[in-house]
Amino acid sequence: MSNDKFSAPMPWIGRYIVAASLICILAMIVDAIQGIRRRKFWLPCRFFTLNAASLTLLGVVVKLPLDLNNPMPGENDQMAKLSSVVFMSTAMANFMPSLALMDNKDIFMEMAALGILVLTLAANVCIELGTGVIYSEKIEHIVVMLSIVFLFVIMCFSALTVPTIKCYLELKYRGKVQEISLQDLVEGEKPVEVKLEENLRKFLIMAETGNPQFVLARSATCATCCAICCLNGLLLLEVSLRDNLFGAHVKSMSDYRRSTYCISRIQAGGVAVGTVSSLIRWFAIARIKCSWRNIMNIKVEKHLLERLKDWKDSPFALQIMNPKCRKLVQQIQNLILGNCIRVQILIAVASKIVQLFPILLLRLLNSCFFPSSWCNNIINSESESAENLEEDISRYVLHLEGEEELAEVMENKRDDTTWMMEIGRKQQPKHLMKLLVGKFNKNQFPSPQFQELHNGWKMPIVTLTTIATTIPNIDHKIVDNLLLSVSESLKYVSFIEDVLGTNGNSEKNTRAADIAWLELYLYRKWLDQNLQKLALQGKTGKGILQNFADIAQNYVTKDDYSRKPAKVIAANSMYQMSQIILEDGERIDDQTHVVFFDYISVMIAGILGACLINMPYVITKICSDCAIEKREENVQHAIHLLGEAEEIIKSLQQHEEVTPTNSSNSDSDYSSSDEIQIVIE
């Protein structure tokens, strides 16, 4: 009875293993689908990456081969152990590009955790092979475990090159950015939006080729990992066919019961998914390198050995006073690192040889199925399309040593900037365009009083919109159109403030504006006051502004712990805005409601113009000043944003004599802005 109670939870543990395996498989599938949709057939890792969560899942996935106490004599039980080990090797091979996403500390921590899992798995499998717990497919288990250890060694030495690769790519990127900036100063005749599109095309090619994941994916070591993954997948397929895995007569004889039946099938499916992904990545990189002239040049590049050589040339970290001991420790360090350098060279040479197989296979297929004349026509057409470009962008391709021909390959790559721009053009803010075209007036640009507020653009826009929606006797469609226009604009205003605003006060103002806008847009309220009731209280423009000023003054000055900091900022902004309009507006009492509404709308359009005129500078800034891991995503976002705001930029550039509140050449004034402080007497 006690044994039955002890083994009762085991089937549930088996279901837990199935669930963990399904999560890993789903992540691999999503990565593959996204990579193919974006025409990145080297399949970048976004979901299935080397991190604490994935390692925890893998620890659950390999529960069966780690189980030393539970005998699993059934054929399906033995097969489940093998499928778990092969699944581990498949996951490790698919982790390879994600090493480029981490910094030095994360690489060390994650590789240490992976090493502990690999060593534990290897030790347990060896024990089970020695004790007879694993009695079936012994050779296959040994082969797969050796491949896992080899994969881990390859990943360790590849991880050592990541910081060097990033540093080298960053230096090249900064140099190219300076070239683009200099060209901007020279090319002053073209419209701003045209120059931006040309520059973004250059930024995109630099971001794509300088993507650390792409650099690691096109390395020879990644090709070796893909090859090992494919071989292990074929080995599992051969064992499955040989043992008739899918036969109905196979029965589990362990405490896991029929859960092992599901584990073996689910994990076999995961191995198939991971193997196909590795195969696609392997041949995608081989297709890029297929046209390289020096593919037979087996040379170990400097960046592969640079970090190990730096460590070898550096003194031992700990200071040892005894000269003899210090000399001995230094010699041991040099001996270990010297052997590591030799292993790195051996891995690099072997990986380059492995990389030749798909390249030679693709060349053979091209020569058999594609006539040379047809290929020449394609090359000629691609070169003609490249000549049509105003500038050769191949010199903006970022490559490492030994990848010089990558520039020729990327030159004939289809330009993604155009279709990204088209997607953005289909999502242009139509209501915002109507507001700017109809209401923007250079004479109504923010006055000096507005410039003294120093609380950005978002809070004044929300404040003025609140005032506008309170004006009575205005057609609700006109008010709704204004709200839609402001709603479309706030996305761009937030984007510009995020890029230019770097201090804590700017973040507080932005959060306060978001809360105030949400309250206004959804509930037509401000500081918990119903705007419809406020509209009835103030019959004239001056009365409306005075009501807002009084409410804001009462909220700021009241001694109440229920006051919220965000609403205090909104009240401060409303008080200042009301006072400025009362002082700046001429005969505001004599204006009709329609004229007053139009007056406020023109002010909103003026502040929006002051903000959005910084768009070209901000778009360039996010492409220049971003982390290398997020650079490609930022450039793509910038291209999409330019497509959306292209007409806005054209419209604002027509007002040449208009000077924005914040210069597009410097964000120092904005960054140094202080929190609004109102002294209410």
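Every number in this text was worked out from the coordinates using simple rules, so none of it is lab data. Small disclaimer: the values here were computed from a predicted structure and weren't measured. Every residue, glycine among them, receives a Cβ derived from its backbone with ideal geometry; neighbour counts consider all protein chains shown.
Using Cα-Cα distances under 8 Å and only pairs 6 or more residues apart, what relative contact order does the stretch 2-289 have, in percent?
Values: 314 pairs, mean separation 107.8, N = 288.
Answer for the stretch 2-289 is 37 percent.
So what's the net charge close to Tyr173: Lys and Arg +1, Asp and Glu -1, counting the other residues with Cβ under 14 Å from its Cβ? Before the final figure, lay out the partial values.
Details: positive: Lys166, Lys172, Arg174, Lys176, Lys202, Arg395, Lys630, Arg631; negative: Glu170, Glu179, Glu208, Asp625, Glu629, Glu632.
Here the count lands on +2.
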Would you compute the Debye intensity of the stretch 2-289 from its alpha-carbon atoms alone, equal scatterers and no solvent, and pass along log10 I(q)/I(0) at q = 0.09, 0.11 Å⁻¹ to two decimals?
-> -0.49, -0.67
Under 17 Å by backbone N from the virtual spin label 7 Å along Cα-to-Cβ at Thr592, the residues of the stretch 478-494 are 478-479
Grab the Cα-Cα distance for Glu507 and Asp584, subtract it from 0.36 nm times how many residues apart they are, and report the gain in nm with one decimal.
-> 24.8 nm
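Once the Cβ-Cβ distance between Leu365 and Lys564 is put in as r, and R0 is 60 Å, what FRET efficiency do you end up with, to the nearest 0.05? All intermediate terms of the calculation are to be shown ahead of the outcome.
Details: r = 67 Å, r/R0 = 1.12.
Calculated value: 0.35.
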Round to a whole angstrom and tell me the spacing of the C-alpha centers of the stretch 634-651 and the stretch 115-139.
-> 57 Å
Once Leu22 and Cys325 are pulled to full extension, the length gained, defined as 0.36 nm per residue separation minus their Cα-Cα distance, is 103.7 nm
Expected unfolding gain across Gln546-Glu179 under the 0.36 nm per residue rule, minus the alpha-carbon gap, is 126.7 nm
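Residues with beta-carbon under 15 Å from that of Val462, excluding Val462: net charge, scoring Lys, Arg +1 and Asp, Glu -1? List each step's numbers first, then the result.
Numbers: positive: Lys458, Lys491, Lys508, Arg511, Arg524, Lys525, Lys567; negative: Glu488, Glu497, Asp514, Glu519.
Result for the local shell: +3.
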State, to one decimal in nm, how far the label point of Glu405 lies from the label point of Lys426, with both points 7 Å from Cα in the Cβ direction.
-> 3.8 nm
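Order these by the 10 Å Cβ neighbour count, fewest first: Ile347, Ile467. Display every interim value, and only then the final one.
On the way: Ile347 21, Ile467 24.
Listing Ile347, Ile467 from fewest to most nearby Cβ atoms yields Ile347, Ile467.
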Amide H contacts under 5 Å for Thr540, placed H, 5+ residues apart | none
In the neighborhood of Ala348, defined by Cβ-to-Cβ distances under 13 Å, what is the net charge if each Lys or Arg adds +1 and each Asp or Glu adds -1?
-> +1
Could you put Tyr521, Tyr16, Tyr555 in order, starting from the residue whose Cβ has the fewest other Cβ atoms within 10 Å?
-> Tyr16, Tyr521, Tyr555
